[in-house]
Amino acid sequence: MYVMNAMQCHISQNKQLLNAFSLQWCVWLRLSGACLFIAIALITSNAHAAPKNYVLHIELSPAVCKIDPLQKRTRQCLEGYSLTVLGLFPDGVDTSRCETSSAVNLSPIQKRVLMRLIPDEASQARLWRSVGGCVSMNASQYFRKVVAFAEQLKIPSEVTSPTTIRVSRSKVENQFYQLNSGLSSSSLKMGCRGEGGVSNLLTDVKVCYRSNGKYQACQIQQRSTCPSQVLIKGSY
């Protein structure tokens, strides 16, 4: 089962012109302060090159809706989504410095497709504002990549089980590997949370990709937070 079936600052292209402009002004003004200011601006414009690797973060809606009171009134909980996408993030990048003020302008068709993955326009806008400054593309291009990466990932049937089940973590992981050629333990991380001090409820999955869509070992290696036996909350 594919993810889409299971779930209902842009870098300037005129750097050469900017460099030439900066040089002319530095020569003409002969002011070290002005030159330094322009140089800093140029460095900043190059600070966020196109990421080479990404992390797709997927949330298991039934589990999150069960344990997080703040989520219970969201669309993913009210309409019974099995999975939702939390975001596609540059791997190994401090996203606290990735904010953008650019708007999310999507075509009606793209909006409909994206709502199957991120079923709330406010969440889409918040996601874009939080990562748009580090992905070297506009919002439309970014969300197309989100959809493309999510579409190619095949999800084990247990993860979207209609009934609550208990299963070994290794079984779920091995099914991910079998369904997705090239996926390995270094590119897949499962996360668990829980109630009453027992953190065995599978709540999210992270998958690392190269920019071309091939699976890639995560730059920041994280151990699974799940025990050997995990609980998968059934769909509604």
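The values are calculated or read from the model by the stated rules, or taken from the named source; none is laboratory data. Just so you know, these numbers come straight off a predicted model, no measurement behind them. Counting neighbours? That spans all protein chains shown, and the Cβs are built from the backbone with ideal geometry, glycine included. We work out accessible area using only protein heavy atoms, side chains counted, and drop any ligands, DNA or RNA first. Shrake-Rupley method; radii C 1.70, N 1.55, O 1.52, S 1.80 Å.
One table, with the values for the structure above:
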quantity	calculated
Residues (at pLDDT 90 or above, open to solvent by 10 Å² or more (accessible area, probe 1.4 Å) and either closer than 21 Å to ILE232 by Cα or in contact with a Ser or Thr (Cβ under 7 Å, 6 or more places away or on another chain) (or both)) located in the stretch 82-98	SER82, LEU86, PHE89
Residue within the stretch 55-62 that is of a type in the set (Ser, Thr, Tyr), touching a strand residue (DSSP E or B) at 6+ places or on another chain (Cβ under 6 Å), part of a helix (DSSP H, G or I) and more than 18 Å from CYS208 (Cβ to Cβ) present	yes
Selection count, the stretch 184-236, where residues are among the aromatic types (Phe, Trp, Tyr) and within 20 Å of SER157 (Cα to Cα)	1
Tally of residues being open to solvent by 30 Å² or more (accessible area, probe 1.4 Å) and among the aromatic types (Phe, Trp, Tyr) across the stretch 176-205	1
Long-range neighbours under 9 Å by Cβ, at least six apart or interchain, first residue more than 30 Å from CYS77 (Cβ to Cβ) within the stretch 194-217, second among the acidic types (Asp, Glu) and outside any strand (DSSP E or B)	GLN216/ASP91
Flag if LYS66 is more than 22 Å from MET137 (Cα to Cα), modelled with pLDDT under 95, touching a helix residue (DSSP H, G or I) at 6+ places or on another chain (Cβ under 7 Å) and open to solvent by 50 Å² or more (accessible area, probe 1.4 Å)	no
Leading residue by the ranking (farthest from SER136 (Cα to Cα)) among those in the stretch 99-112 that are in contact with a Lys or Arg (Cβ under 9 Å, 6 or more places away or on another chain), open to solvent by less than 70 Å² (accessible area, probe 1.4 Å) and not small (Gly, Ala, Ser)	GLN110
Residues satisfying the stated conditions in the stretch 99-123, i.e. within 30 Å of GLY234 (Cα to Cα) and in a helix (DSSP H, G or I)	GLN110, LYS111, ARG112, VAL113, LEU114, MET115, GLU121, ALA122, SER123
